[in-house]
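> Pasting in a structure now, in structure tokens, and then I'll have a few things to ask.
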Amino acid sequence: MSYSRTEMRLSIILGQDDLWHHKPKYQEIVKRARAAGLSGASVWRGVEGYGASAHIHTTRLLDLADGLPLLVVAVDTEERIRGFLDGIGELLTEATVTLEGVERVHFTEDRP
């Protein structure tokens with residue numbers, strides 16, 4: 001059995017070397033997402049990419065394996081996502097942020 005509802009996906013693209021108080025920014029974002037009660041957040045590591053500097057970061061060359069792109073994704077209601085985003089603006093000075101409406105499908109076990 002399943003049901004769906006319209007929610008919002010927050011995607012934040014930043015570098016793995018981006019720091020907040022000497023710790024990775026992505027860890028702080030996930031920590032704050034949990035504290036804010038968002039239904040979940042995940043971090044995905046890219047294998048190649050570039051940002052504003054146009055410098056390509058890649059795992060193909062050992063000397064360029066730093067600064068790889070990361071994608072932090074969270075899905076929740078629009079109200080909760082926008083409230084969370086307002087609260088983490090200080091972390092997003094060098095990040096690309098997108099918001100998209102999504103259909104979230106929940107699967108549940110049908111028990112009598």
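> Find the residue count for the stretch 54-100, including only residues that are modelled with pLDDT of 85 or more, under 14 Å from the mean Cα position of the chain (by Cα) and not in a helix (DSSP H, G or I). Give the steps one after another, and end with the answer.
Applying the first criterion (modelled with pLDDT of 85 or more) to the stretch 54-100 yields 69-93, 95-100.
Right, trim to under 14 Å from the mean Cα position of the chain (by Cα) and you get 69-76, 81-82, 84-85, 88-89, 91-92, 95-100.
Add one more test, that the residue is not in a helix (DSSP H, G or I), and what stays is 69-76, 88, 92, 95-100.
Final tally of qualifying residues: 16.
> Look through the stretch 84-101, keep the residues that are touching a residue at least 12 places away in the same chain (Cβ under 8 Å) and exposed (fewer than 15 other Cβ atoms within 10 Å of the Cβ), and return whichever of them is nearest to Glu28 (Cα to Cα). Lay out the reasoning, then the answer.
Our first condition is that a residue be touching a residue at least 12 places away in the same chain (Cβ under 8 Å); within the stretch 84-101, this holds for 84-85, 87-88, 91-92, 94-101.
Filter once more, so that each one left must be exposed (fewer than 15 other Cβ atoms within 10 Å of the Cβ): 87, 94, 96-101.
On the way: Gly87: 12, Glu94: 15, Thr96: 16, Val97: 16, Thr98: 18, Leu99: 19, Glu100: 22, Gly101: 24 Å.
Filtering first and then ranking leaves Gly87.
> So which residues in the stretch 1-30 are more than 24 Å from Glu79 (Cα to Cα) and out of contact with any Gly (no Cβ under 8 Å at 6 or more places or on another chain), if there are any at all?
Filtering the stretch 1-30 down to residues more than 24 Å from Glu79 (Cα to Cα) leaves 1, 15-24.
Within the stretch 1-30, Met1, Asp18, Leu19, Trp20, His21, His22, Lys23, Pro24 qualify.
> Does the stretch 25-35 contain any residue that is at pLDDT 95 or above and of a type in the set (Phe, Trp, Tyr)?
Initial filter on the stretch 25-35 (at pLDDT 95 or above): 25-35.
Those still in the list that are of a type in the set (Phe, Trp, Tyr) too: 26.
For the stretch 25-35, residues at pLDDT 95 or above and of a type in the set (Phe, Trp, Tyr): present.
> How many residues does the stretch 31-48 contain that are small (Gly, Ala, Ser), farther than 14 Å from Val75 by Cβ and surrounded by 15 or more Cβ atoms within 10 Å (Cβ to Cβ)? Walk me through it before giving the result.
First pass over the stretch 31-48, keeping only residues small (Gly, Ala, Ser): 33, 35-37, 39-42, 46.
With farther than 14 Å from Val75 by Cβ added as a condition, the list becomes 35, 46.
When the remaining residues are screened for being surrounded by 15 or more Cβ atoms within 10 Å (Cβ to Cβ), the result is 46.
The qualifying residues number 1.
> May I pose another question? Are any residues in the stretch 6-19 crowded, with 17+ Cβ neighbours inside 10 Å, of a type outside the set (Asp, Glu) and more than 16 Å from Thr96 (Cα to Cα), and if so, which ones?
Correct list: Met8 only.
> Which members of the stretch 19-44 meet the condition of being in contact (Cβ under 8 Å) with a residue 60 or more places away in the chain and either touching a strand residue (DSSP E or B) at 6+ places or on another chain (Cβ under 7 Å) or on the phi > 0 side of the Ramachandran plot (or both)? Quick ask: steps written out before the conclusion?
Of the residues in the stretch 19-44, the ones in contact (Cβ under 8 Å) with a residue 60 or more places away in the chain are 20, 25, 28-29.
Correct list: Lys25, Glu28, Ile29.
> Can you name every residue in the stretch 1-24 that is within 13 Å of the chain's Cα centre (by Cα) and at pLDDT below 90?
Within the stretch 1-24, Gly15, Gln16 meet the criteria.
The values are calculated or read from the model by the stated rules, or taken from the named source; none is laboratory data. Model, not experiment: these values are computed from the prediction. Virtual Cβ from ideal backbone geometry, glycine too; neighbours counted across all protein chains shown.
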